[in-house]
Structures are given as C-alpha cells and as structure tokens.
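Enquirer: What follows is a structure written as structure tokens; I'll ask about it next.
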Amino acid sequence: MISRRGFGIGLIGSTALLGLGGALAWVDLSEVIEAATEACFPPQGTLPSAASVGAGGRVLAYIDELPPDVATQAKALFRTLEWMTLPTHGSRFSRLPVTERTNALEKLASSPWFARRLIAHSVKQTCAVGYWQSELTWAYLGYDGPLVGRTP
C-alpha cells in the first residue's frame, strides 16, 4: 500500500516529468543539431568546419528521410542532449560555447553509465553522416568521389 506522502511525491514527480516532456518538445531541433555537428567537428586545422559544409542541414534532412518511428527517436536523442547539460553547465547544450559542447560530449562518451555513452556515440555517428557527405570533406579521407557516373 502506498502512503499519502509517497503518493504526493509520485504525483509531483509525474507532473514534473510531464512538464519536462513538454519543454523537450519546444526545442528548436535545427539549432540543437547545428550545435551538435559543430561540437563533433569543431573548426580545427585544415578540416572544414561543420557549418561551412552544411552538416547540420544534412543531418536534419537525413532524419526527415528515416521511417517515422526512427525519426521520432532520433529527434528525441537531440532534444535529450539539449537538456542534459543544464544541471552540470547551467545552460542548454546549444547555448554553450563550442569548446564546452565538445567537452560535454567527450564526458558523456567516457561516462561509466551505458545510457550516457550511448547518447554521445549516437549523436556523434548521426552528425558524422551529415559532415562526411559533403564533397569538401572527401579529400581529407583520400576519397575522390563515387565511381558511378564517371567517364573513363
């Protein structure tokens, strides 16, 4: 049997979760994805930046092409990332400077908790899809483009 106090705490917790769920839905997804791609591929050396190759837009287009249930999960992944830094950094992920975003992703990737590592690696892999699609990045991989459509 649940006590009145336990019921009250459960009710408050449920209400908070419902409110958080509503807040998560109000995140500008394109802003979060742009911030994530920049954190995964920060401007460094001779590699082009994520913004210069349009990686964020490519990731968003990729997510839109996924089956609806998978797209919903991918969007939830980025919305979760947006709010994960609030307790530790005092700000949403997309509002942090790029160095702090990169550090936050690295900290998640090396977390002892599997769920946190999964979030970090999923974000990185999804952002990589958008970044390495650009022809501007191919030379750094030693890739000279697709063979289909080439003339000998």
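We did not get these values from a lab; they are worked out from the coordinates using the rules stated. On a predicted model such as this, the values are computed, not experimentally measured, just so you know. Every residue, glycine among them, receives a Cβ derived from its backbone with ideal geometry; neighbour counts consider all protein chains shown.
Enquirer: Taking the Cβ-Cβ separation of residue 46 and residue 99 as r and a Förster radius of 25 Å, what is the calculated FRET efficiency to the nearest 0.05?
Expert: My answer for the efficiency is 0.80.
Enquirer: If you don't mind, another one. What is the calculated FRET efficiency for residue 143 to residue 113, with r their C-beta to C-beta distance and R₀ = 30 Å, to the nearest 0.05?
Expert: Between residue 143 and residue 113 the formula returns 0.25.
Enquirer: Quick one: what does P(r) look like for segment 59-152 with 10 Å bins over all Cα pairs, in whole %?
Expert: Calculated over all Cα pairs of segment 59-152, the distribution is 14, 37, 30, 14, 4, 1 percent.
Enquirer: Right, here's the next one. So for each of 98-110, 64-76 I average, over its residues, the number of other beta carbons within 10 Å; can you give me the resulting order with the highest mean first?
Expert: 98-110, 64-76
Enquirer: Just rank 140, 131, 62, fewest to most, by other beta-carbon atoms within 10 angstrom.
Expert: Placing the least packed residue first, the sequence is 140, 62, 131.
Enquirer: Give me 147, 136 ranked fewest to most by other Cβ atoms within 10 Å of their Cβ, as a rough exposure proxy.
Expert: Ordered from fewest to most neighbouring Cβ atoms within 10 Å, 147, 136 come out as 147, 136.
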